[in-house]
Amino acid sequence: MGATEADDRHVSEEIGFDDQLLVGGALGGVLAGVLMGLLMHYRMGIMEVVGGLYSVESVTAGWIFHLVHAVLFGVFFAIGLQWRPFAKYDFGPLAIALLGLAWGVALWMVAAGVIMPLWLDAMALPAPDLPNWATKSGTGHLVYGATLGVVVAIADRL
């Protein structure tokens, strides 16, 4: 992210974003999603709950929807790094990795802690109390954010 937009060969003129960073966000999202998903599946036993968000309570659907979320949140992270208020900073690899960790915490507090319980309740499914800041979920989101941040930091330096 150190080069200006005009100097950066990775910035797509069509979309105005660094396409390499977006790919890094997507790939980081997949890898981070798999690692977090393994925790959700084997340590927490809640993968079918993710499918339940879309009225398909199965482990397979949970994995599919979880990975879709992971990729989308990974791409949103990469876009966020390029958002005008942040784009002016030359984030190094450590800063990007730490921002990924912070992104994981934000997702845990907002998406898992507030939106998911509200969504489950709206679907008339068993929902945890608000806010749902369970430690295991927080650990999973830290793994997600840290992994995403490292992959995006690597993509930024290629």
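The values are calculated or read from the model by the stated rules, or taken from the named source; none is laboratory data. None of these values were measured; they are calculated from a predicted model. Cβ: placed from backbone, ideal geometry, glycine included. Neighbour counts: every protein chain shown.
Do we have any residue at all in the range 13-33 that's within 24 Å of Met123 (Cβ to Cβ), at pLDDT 85 or above and outside any strand (DSSP E or B)? Yes, there is a match, as at least one residue in the range 13-33 is within 24 Å of Met123 (Cβ to Cβ), at pLDDT 85 or above and outside any strand (DSSP E or B). Scanning the range 99-111 for any residue that is buried (at least 17 other Cβ atoms within 10 Å of the Cβ) and over 13 Å from the mean Cα position of the chain (by Cα) turns up nothing. Within this structure, Leu81 fails the test of being in contact (Cβ under 8 Å) with a residue 60 or more places away in the chain, among the hydrophobic types (A, V, I, L, M, F, W, C) and over 30 Å from Leu158 (Cα atoms). In the range 127-150 there is at least one residue that is over 19 Å from Met36 (Cα atoms) and surrounded by 14 or more Cβ atoms within 10 Å (Cβ to Cβ).
Among the candidates Ala146, Ala134, which residue alone is among the small types (Gly, Ala, Ser) and within 26 Å of Phe17 (Cβ to Cβ)? Full working, then the answer.
Details: Ala134 fails: within 26 Å of Phe17 (Cβ to Cβ).
One residue alone meets the criteria, Ala146.
Any residue at all in the range 109-125 that is farther than 17 Å from Ile154 by Cβ and among the acidic types (Asp, Glu)? Yes - at least one qualifying residue is present in the range 109-125. Considering the range 17-38, the residues that are more than 9 Å from the chain's Cα centre (by Cα) and over 17 Å from Ile79 (Cα atoms) include one that is surrounded by the most Cβ atoms within 10 Å (Cβ to Cβ), namely Met36.
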